[in-house]
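For reference, the structure discussed in these notes is given below.
The values are calculated or read from the model by the stated rules, or taken from the named source; none is laboratory data. On a predicted model such as this, the values are computed, not experimentally measured, just so you know. Every residue, glycine as well, gets a Cβ built from its backbone with ideal geometry; the counts of neighbours run over all protein chains shown.
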Amino acid sequence: MGGKIRKRKGMYRYLTFGLLTLLISTSCAVSPFEESGKAYERGDYATAFRLMKPLAEQGDAQAQFNLGLLYNKGQGVPQDYAEAAKWYLKAAEAKQRGVLRAIAQAQCNLGILYYNGQGVPQDYAEAAKWYLKASERNNAQAQLTLGMMHADGQGVPQDYVLAHMWLGLAASGSRASEANFREMAIKTRDLLAPKMTPEQIAEAERMTRGLTH
């Protein structure tokens, strides 16, 4: 791919990602999850970590993702990418209902760690595997990155049609809070289009429509 797309891909490696909204208990009693969320919001990361860890150890996928994020960002604990990867993996492999966004983001964040070689060996193919899992759960961040990787043939075969498709999905499926992903997906797709035949673009657009309807 051209230098512009590679430049955008390099910028993307370091995009930050925020803590997903914590699930709040509907009972009158204040749950450890709620207390952890309140502690996080007021910047008391040590308390957030202390309350979150037992929930993660009990197998709650949302808590596992949150714990991974705290290790990833060094909030409440020393930054430890290996521990982040461990907890992301637990969440990424979870079958728990009701927390699909957390599972998808854990898969995406695990892909980021493998892409950058943080806490795990750098492995573009492994990164692409986790990006694909997250992309199939409609995670726009993962779709954007997977599109870029297909455009460059990085960890996956170079395939402009698939690249265009994933970029199109990222552009059309991004939430309002993900405007940065949508904008980057559109710009990258526009840079890719001149390298494709009209037939390839038509095929990519057909595939995109098939996955959005």
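Considering each of Y40, Y45, Y88, Y114 in turn, give the residue that is closer than 24 Å to H150 by Cβ, touching a Leu at 6+ places or on another chain (Cβ under 9 Å) and of a type in the set (S, T, Y).
Numbers: Y40 fails: closer than 24 Å to H150 by Cβ; Y45 fails: closer than 24 Å to H150 by Cβ; Y114 fails: touching a Leu at 6+ places or on another chain (Cβ under 9 Å).
That would be Y88, the only listed residue that is closer than 24 Å to H150 by Cβ, touching a Leu at 6+ places or on another chain (Cβ under 9 Å) and of a type in the set (S, T, Y).
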Self-check item: Breaking point among (1) free of Cβ contacts under 8 Å to residues at least 12 places away in the same chain; (2) part of a helix (DSSP H, G or I); (3) not small (G, A, S), for P157
Solution: (2)
Self-check item: Checking M11 against (1) of a type outside the set (S, T, Y); (2) at pLDDT below 95; (3) in contact with a Phe, Trp or Tyr (Cβ under 8 Å, 6 or more places away or on another chain), the condition it does not meet
Solution: (3)
Quiz item: Of all residues in segment 103-152, how many are over 19 Å from G68 (Cα atoms) and of a type in the set (F, W, Y)?
Solution: 1
Quiz item: Does T145 fit the bill of being farther than 25 Å from Y115 by Cα and hydroxyl-bearing (S, T, Y)?
Solution: no
Self-check item: Restricting segment 64-76 to residues that are over 14 Å from A39 (Cα atoms) and touching a residue at least 24 places away in the same chain (Cβ under 8 Å), the residue that is surrounded by the fewest Cβ atoms within 10 Å (Cβ to Cβ)
Solution: N72
Quiz prompt | Enumeration of residues in segment 65-90 that are of a type in the set (G, A, S) and more than 20 Å from G43 (Cβ to Cβ) | solution = A82, A85
Quiz item: Restricting attention to segment 147-165, does a residue exist that is more than 30 Å from M196 (Cβ to Cβ) and surrounded by 19 or more Cβ atoms within 10 Å (Cβ to Cβ)?
Solution: no
Practice problem: Please identify the pairs in which a residue from segment 170-181 that is over 17 Å from T212 (Cβ atoms) has its Cβ atom under 9 Å from the Cβ atom of a residue that is modelled with pLDDT under 90 and among the polar types (S, T, N, Q), counting only partners at least 6 apart or on another chain. | Solution: N180/S174
Practice problem: Filter segment 166-206 down to residues that are modelled with pLDDT of 95 or more, surrounded by fewer than 19 Cβ atoms within 10 Å (Cβ to Cβ) and under 21 Å from K133 (Cβ atoms), then give me how many there are. | Solution: 0
Practice problem: Look through segment 100-121, keep the residues that are over 10 Å from Y81 (Cβ atoms) and surrounded by fewer than 19 Cβ atoms within 10 Å (Cβ to Cβ), and return whichever of them is nearest to the chain's Cα centre (by Cα). | Solution: R101
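When you look at E93, is it among the acidic types (D, E) and farther than 27 Å from R175 by Cβ, yes or no? First the steps, then the outcome.
Values: among the acidic types (D, E): yes; farther than 27 Å from R175 by Cβ: no.
Against the criterion (among the acidic types (D, E) and farther than 27 Å from R175 by Cβ), E93 does not qualify.
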Quiz item: Checking Y124 against (1) over 30 Å from D80 (Cβ atoms); (2) over 14 Å from the mean Cα position of the chain (by Cα); (3) surrounded by 17 or more Cβ atoms within 10 Å (Cβ to Cβ), which single condition isn't satisfied?
Solution: (1)
